[in-house]
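> The structure's right below; bear with me while I get my questions together.
The values are calculated or read from the model by the stated rules, or taken from the named source; none is laboratory data. Note that this is a predicted model, so its numbers are computed, not measured. Heads up, the Cβs are rebuilt from the backbone with ideal geometry, glycines too, and the neighbour counts pull from every protein chain shown.
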Amino acid sequence: MSTGARDDGETAASATARAKFRVLCLHGFAQDAATFRAKTGAVRKQLRGTCEFYFVDAPHDVSGAFERGVGASDASPRAWFTSAENARANANASTDEGWTRPAMSREYIGWDESLDVLRAFQASHGPFDGVLGFSQGSTAAAAALADDDELRASVKFVVLVAGFEPRDARMVANMNATSPFSMPSLHVHGDKDALITRERASELAARFDSTRREFFFHDGSHGVPTSLAKFIKGWLAREIERGL
């Protein structure tokens, strides 16, 4: 479920002492807002004095894309875009013949609807100062910056975890027309990430100003590493000192 509630752990009185950065948070494929909120607990704790986090659900239901194992969560699997190859092959699950992971797809379905959701969420909970994305949510973040002038104008920093450069021709063309994006950006990738290669993550990072771009590589896999929490706090503090 989408939520616009403040998620900083502070009282209303302390929040009025200074303005905090409002951060739009975009989950990965087959996750939802609640899942991403849970996975970013360490990061949110480190930044609770600086940021307010706003989590939103993608509009596309991808229930059944992956098998639910023992102990699976109650998350509602959502997506910012799906694979046109899967639609043509009638492949709705990863075990179906002809299934193409959205990260490997060359033609996306549903991005326009997602952009509408993000614009509506921004109208009701923004403007946003920062964006935090994971996996497909990182790609969606970059696509939204390309397609939404208002979001691009308000965002002061971006953190993309395990993101990948899109392969959809229309999305690439839109990014080509507006990038490199000028705001500071932090790009996070795991050495053992078996889903997104370092090359794909670096290609997405290249969409951002090289003089304001930083990387955080870790020894984990495809996820939000707990080691990111302290690093991101220091990175954001440095950017604030530079006049963020």
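> So, of the residues in the stretch 213-226 that are surrounded by fewer than 16 Cβ atoms within 10 Å (Cβ to Cβ) and at pLDDT 95 or above, which turns out to be farthest from Val172 (Cα to Cα)?
Within the stretch 213-226, the first condition is being surrounded by fewer than 16 Cβ atoms within 10 Å (Cβ to Cβ), and the residues that meet it are 215, 217, 219, 221, 226.
Subset that is at pLDDT 95 or above: 215, 217, 219, 221.
Numbers: Phe215: 22, Phe217: 25, Asp219: 30, Ser221: 26 Å.
Restricting to residues being surrounded by fewer than 16 Cβ atoms within 10 Å (Cβ to Cβ) and at pLDDT 95 or above, the top hit is Asp219.
> Taking the stretch 40-65 as the search range and keeping residues that are crowded, with 18+ Cβ neighbours inside 10 Å and among the charged types (D, E, K, R), which one is nearest to Phe128 (Cα to Cα)?
Ranking the candidates gives Glu52 first.
> What are the residue pairs meeting all of these: first residue in the stretch 220-244, first residue within 14 Å of Thr50 (Cβ to Cβ), second residue part of a helix (DSSP H, G or I) and among the β-branched types (Val, Ile, Thr), Cβ atoms under 9 Å, and 6 or more apart or on different chains?
Ala229/Val43; Ile232/Val43; Lys233/Val43
> Would you pick out the residues in the stretch 147-165 that are over 13 Å from the mean Cα position of the chain (by Cα) and in contact (Cβ under 8 Å) with a residue 24 or more places away in the chain?
Asp147, Asp148, Glu150, Leu151, Arg152, Ser154, Val155, Lys156 - these are the residues of the stretch 147-165 that are over 13 Å from the mean Cα position of the chain (by Cα) and in contact (Cβ under 8 Å) with a residue 24 or more places away in the chain.
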